[in-house]
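What follows is a single structure, written as structure tokens, with notes after it.
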Amino acid sequence: MNKGELIEKIAKDAKITKSQAGDSLDSFLSAVVSTLSKGGKVTLVGFGTFSVSKRLARKGRNPRTGKEINIKAKKVAKFKAGTELAKKVNK
């Protein structure tokens, strides 16, 4: 499912226009991004938790040349599925 299909589904289920559904989805995504960029986390009980994790700097290897490279430390977005979501996916 892509963003357009998700917007159609939200609009149909909530009985709102596609424009309103798109605005709602954009608002949700913006709130998640804003919270994560500040180092916070977003928890949706039963669905899951979006959080930020730190990856340490490390050595890697260029697969083409085999040459050793340095990989910088960085923050990455993470999602951990909640119990309800995990149960429904594993049926």
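The values are calculated or read from the model by the stated rules, or taken from the named source; none is laboratory data. What you see is a predicted model; the values in this text were computed from it and never measured. In this analysis, Cβ positions are derived from the backbone assuming ideal geometry, glycine residues included, and neighbour counts consider all displayed protein chains.
Within region 23-37, the presence of at least one residue that is closer than 25 Å to Glu84 by Cβ, touching a helix residue (DSSP H, G or I) at 6+ places or on another chain (Cβ under 8 Å), not aromatic (Phe, Trp, Tyr) and not assigned by TED's automatic domain parsing to the domain that holds Thr83 is confirmed. Sort through Lys41, Lys87, Lys74 and tell me the only one that's among the basic types (Lys, Arg), within 17 Å of the chain's Cα centre (by Cα) and surrounded by 11 or more Cβ atoms within 10 Å (Cβ to Cβ). Just one listed residue meets the conditions, Lys41. Selection of first residues in region 33-48 that are within 13 Å of Lys75 (Cβ to Cβ) and of second residues that are part of a loop (DSSP other than H, G, I, E, B), restricted to Cβ pairs under 6 Å at least 6 apart or on distinct chains, gives an empty result. The residue pairs whose first member lies in region 4-15 and is without any contact (Cβ under 8 Å) to a residue 12 or more places away in the chain and outside the structural domain of Ser27 (by TED's automatic domain parsing), whose second member is surrounded by fewer than 11 Cβ atoms within 10 Å (Cβ to Cβ) and charged (D, E, K, R), and whose beta carbons are closer than 7 Å, counting only pairs six or more residues apart or on different chains, do not exist in this structure.
Scanning region 62-83 for residues that are of a type outside the set (Phe, Trp, Tyr) and under 18 Å from Lys41 (Cβ atoms) yields a count of 9.
Taking the conditions (1) surrounded by 12 or more Cβ atoms within 10 Å (Cβ to Cβ); (2) in contact with a Ser or Thr (Cβ under 9 Å, 6 or more places away or on another chain) in turn, Ala14 satisfies each one other than (1). Do we have any residue at all in region 75-83 that's touching a residue at least 12 places away in the same chain (Cβ under 8 Å), more than 29 Å from Gly4 (Cβ to Cβ) and either assigned by TED's automatic domain parsing to the domain that holds Asn2 or touching a helix residue (DSSP H, G or I) at 6+ places or on another chain (Cβ under 9 Å) (or both)? Scanning region 75-83 turns up at least one residue that is touching a residue at least 12 places away in the same chain (Cβ under 8 Å), more than 29 Å from Gly4 (Cβ to Cβ) and either assigned by TED's automatic domain parsing to the domain that holds Asn2 or touching a helix residue (DSSP H, G or I) at 6+ places or on another chain (Cβ under 9 Å) (or both).
So, in region 44-71, of the ones that are within 30 Å of Ala31 (Cα to Cα) and charged (D, E, K, R), which residue ends up surrounded by the most Cβ atoms within 10 Å (Cβ to Cβ)?
So the residue we want is Arg55.
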